[in-house]
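FYI, it's all coordinate maths here, none of it is from the lab. From a predicted model like this one, the values you see are computed outputs, not experimental measurements. Here Cβ is always computed from backbone atoms with ideal geometry, including for glycine, and neighbour counts include all displayed protein chains.
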Amino acid sequence: MTLLLDDGAQQFFDWLRTEHFPPERNHLAAHVTLFHALPGERLEEVSADIGAAAERSPFDVRVTGVRFLGRGVAYALDAPELTVLRDRLAATWGPWLTRQDQQRHSPHVTVQNKVDPAVARALYDRLSADFVPYAVRARGLGLWRYLGGPWALVAESPFR
């Protein structure tokens with residue numbers, strides 16, 4: 001499950017990902033993962049919960065900095081509304097969540113990964129040199145199905 005961002009932010013992060021992510025590993029658009037693995041056999045319940053969570057107004061998400069990942073680079077995000085939304089879903093889905101999804105959530109958009117650390121450090125240095133925090137708009141929630149590399153969109157639930 002992902003947070004959907006406004007078109008301008010999505011295009012910017014997609015462009016960075018296209019430029020800096022190894023092409024043979026870049027199977028999907030830039031994204032903000034909220035949950036990595038939800039049970040497919042509970043698709044109806046999950047979809048209903050996501051639809052209910054999307055019954056809210058769009059909100060701003062702060063892009064707070066550039067994060068060095070060791071072998072990649074991401075943009076760190078922060079929004080109290082996002083924390084509350086995800087925490088509520090995590091409480092509802094608690095018994096189904098993987099260990100990864102039970103951990104503290106740290107929202108981000110990865111624009112580079114699986115590269116040599118020196119390459120990642122160079123991009124991190126370049127992107128963070130003139131970085132100024134800014135806001136993007138969260139426009140909804142996305143539910144995806146993993147297809148062994150690429151992902152297929154199952155449903156979009158726009159905020160009202």
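Things to note:
- Considering the stretch 20-86, its Cα convex hull presents a mean projected area of 6.3 nm².
- Computed on the chain, with alpha-carbon pairs under 8 angstrom and 6+ residues apart, the relative contact order is 36 percent.
- Between ALA152 and ASP130, the C-beta separation translates, for a Förster distance of 25 Å, into a calculated FRET efficiency of about 0.10.
- Positive-end extreme of charge dipole, the stretch 1-159 - chosen from ALA135, PHE159, HIS36 (charges on Cβ): HIS36
- Alpha-carbon centroids, the stretch 114-160 and the stretch 23-37: separation in whole Å: 7
- For mean projected area of the Cα convex hull in nm², calculated from these coordinates, the label among (1) 8.3; (2) 9.2; (3) 11.5: (2)
- For the stretch 32-160, the Cβ-based charge dipole about the Cα centre amounts to some 300 debye (Lys, Arg positive; Asp, Glu negative; other atoms uncharged).
- Taking every DSSP helix (H) stretch of at least 4 residues in the chain, weighting each as -39,500 (n - 2.57) and dividing the sum by the residue count yields a mean residue ellipticity at 222 nm of -10500 deg cm²/dmol.
- Options TYR75, ALA118, GLY8, ranked by Cα towards positive dipole end of the chain, top entry (Cβ charges): ALA118
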